[in-house]
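Here is the structure we will look at, set down as structure tokens.
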Amino acid sequence: MTGVAVVGFAQAPCRVREDVTTSGVEMLVPIFAEVLRATGLTKADIGFWCSGSSDYLAGRAFSFVQAVDAIGAVPPAMESHVEMDAAWALYEAWVKILTGEAEIALAYGFGKSSGAQLRRVLALQLDPYLVAPLWPDSVSIAALQARLGLDAGRWTEKDMAAVAARSRAAARSNPQAQVSGDVAVEELLGRPYVAEPLRAHDCAPVGDGAAVVIIAAASRARELCARPAWITGFEHRVDSGALGARDLLAVPSAAAAGLACAAAAAESDGAAAAAGRAAGAEEHSAGDADGVEVAELHAPFTHQELLLREALRLGDGVDINPSGGALCGNPMFAAGLARIGMAAQAVMTGRARRVLGHATSGPALQQNLVCVLEGQ
């Protein structure tokens with residue numbers, strides 16, 4: 001077992017792009033070059049590659065094989081793939097380093113959402129016998145979840161609009177964001193519904209994009225990055241796929257993953273590191289009880305950010321989605337990886353000492369992954 005750190009991150013601008021194909025190669029080649037240049041690595045230095053994408057979105061079997069063209073045929077590469085957000089590809093890459101099978105690994109994700117009817121494609125992840133044949137789209141399912149919260153008094157439409165307004169304002173400093181700018185909550189509330197009670201600003205935009213993260217073992221991390229973002233906790237959990245079998249106003253998989261990350265950090269770091277994190281939290285005068293200062297949450301809908309904040313116990317002192325989050329750019333199968341990459345950047349640039357990256361998959365926050373990183 002060895003320490004593992006994020007040493008590089010890059011992402012393509014999230015846009016509706018006519019110049020890219022569903023293979024993702026046109027988006028991947030530039031960001032591969034960017035992250036390799038930043039770390040001083042070559043393709044030959046990467047011991048393991050792992051991607052995240054979807055055959056359903058591309059409309060053909062084994063579509064990810066075409067993306068391997070971005071890696072190239074020479075030198076030979078050890079490569080794998082997950083049929084979901086590339087945050088889970090990063091998890092596989094992390095395990096590969098922990099087991100000693102690689103020193104440096106690269107995870108990437110891509111999706112051309114504009115090439116398909118995304119809302120209908122995502123209906124295919126539902127129960128194939130009883131639910132999917134009814135074609136309930138992803139926005140309508142999220143609207144049911146939002147309505148439950150409104151009726152239970154958990155939030156108001158104004159609370160949801162405030163999340164959107166804050167996210168768009170934060171995204172002004174993110175050149176990769178698809179949506180950004182200042183807008184008043186009252187103005188947002190005056191706009192029409194797309195699936196009551198959701199308005200357009202409550203839903204992530206449809207766009208094309210890609211992201212890449214490089215991680216390295218402790219023996220290499222510091223030579224590749226002046227301030228690596230060390231992974232102190234990395235966990236994922238899943239809830240029932242049956243919408244009627246779970247409480248849609250609770251996210252136990254996210255809560256369990258967060259608690260497991262906290263336990264892993266405490267076990268691996270010991271009392272001295274815990275004291276150091278506490279000192280760091282005091283120094284930055286921000287963060288919650290666990291010392292997290294920045295959290296990038298993969299919340300494709302405004303009310304889901306509210307649910308995740310509660311499940312992950314993120315207090316008012318935590319800077320939530322300073323990049324704008326998925327509400328300002330949600331490239332399918334890359335947005336979760338981008339959340340971890342953006343969180344890691346906060347550590348690598350010295351803006352924060354301890355951060356949290358989150359990714360979700362499935363309907364209504366069914367599956368959740370949490371990655372806690374810190375500077376040491």
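The values are calculated or read from the model by the stated rules, or taken from the named source; none is laboratory data. Given the structure is predicted, the values throughout are model-derived calculations rather than measurements. Note that each Cβ is placed from the backbone with ideal geometry, even for glycine, and that neighbours are counted across all protein chains shown. The protein model used for the area step is the full one, side chains on, heavy atoms only, and it has no ligands, DNA or RNA in it. Shrake-Rupley method; radii C 1.70, N 1.55, O 1.52, S 1.80 Å.
Observations, loosely collected:
- Of the residues making up segment 166-194, just one is surrounded by 20 or more Cβ atoms within 10 Å (Cβ to Cβ) and farther than 19 Å from Ala335 by Cα, namely Leu188.
- Counted residues, segment 225-275 - those being at pLDDT 95 or above, over 20 Å from the mean Cα position of the chain (by Cα) and open to solvent by less than 40 Å² (accessible area, probe 1.4 Å): 3
- Filtering Leu307, Leu337 for residues that are part of a helix (DSSP H, G or I), touching a helix residue (DSSP H, G or I) at 6+ places or on another chain (Cβ under 6 Å) and at pLDDT 95 or above leaves a single hit, Leu337.
Yes/no matrix, rows are residues, columns are (1) touching a residue at least 60 places away in the same chain (Cβ under 8 Å); (2) open to solvent by less than 10 Å² (accessible area, probe 1.4 Å):
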residue	(1), (2)
Ala299	yes, yes
Glu310	no, no
Arg313	no, no
Ala326	yes, yes
Phe333	yes, no
Leu337	yes, yes
Gln345	yes, no
Gln376	yes, no
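- Within segment 63-109, being under 17 Å from Asp208 (Cα atoms), hydrophobic (A, V, I, L, M, F, W, C) and open to solvent by 10 Å² or more (accessible area, probe 1.4 Å) holds for Phe64, Met84.
- Gly59 small (Gly, Ala, Ser), under 22 Å from the mean Cα position of the chain (by Cα) and open to solvent by 40 Å² or more (accessible area, probe 1.4 Å): no
- Verdict on Val6 being in contact (Cβ under 8 Å) with a residue 12 or more places away in the chain, surrounded by fewer than 23 Cβ atoms within 10 Å (Cβ to Cβ) and among the hydrophobic types (A, V, I, L, M, F, W, C): no
- Test: Val20 is surrounded by fewer than 22 Cβ atoms within 10 Å (Cβ to Cβ), of a type in the set (A, V, I, L, M, F, W, C) and out of contact with any strand residue (DSSP E or B) (no Cβ under 9 Å at 6 or more places or on another chain): no
- For segment 228-270, residues that are charged (D, E, K, R), out of contact with any helix residue (DSSP H, G or I) (no Cβ under 6 Å at 6 or more places or on another chain) and over 28 Å from Phe9 (Cα atoms) total 2.
- Scanning segment 40-56 for residues that are hydroxyl-bearing (Ser, Thr, Tyr) and crowded, with 23+ Cβ neighbours inside 10 Å, we see that the one that is nearest to Ile71 (Cα to Cα) is Ser51.
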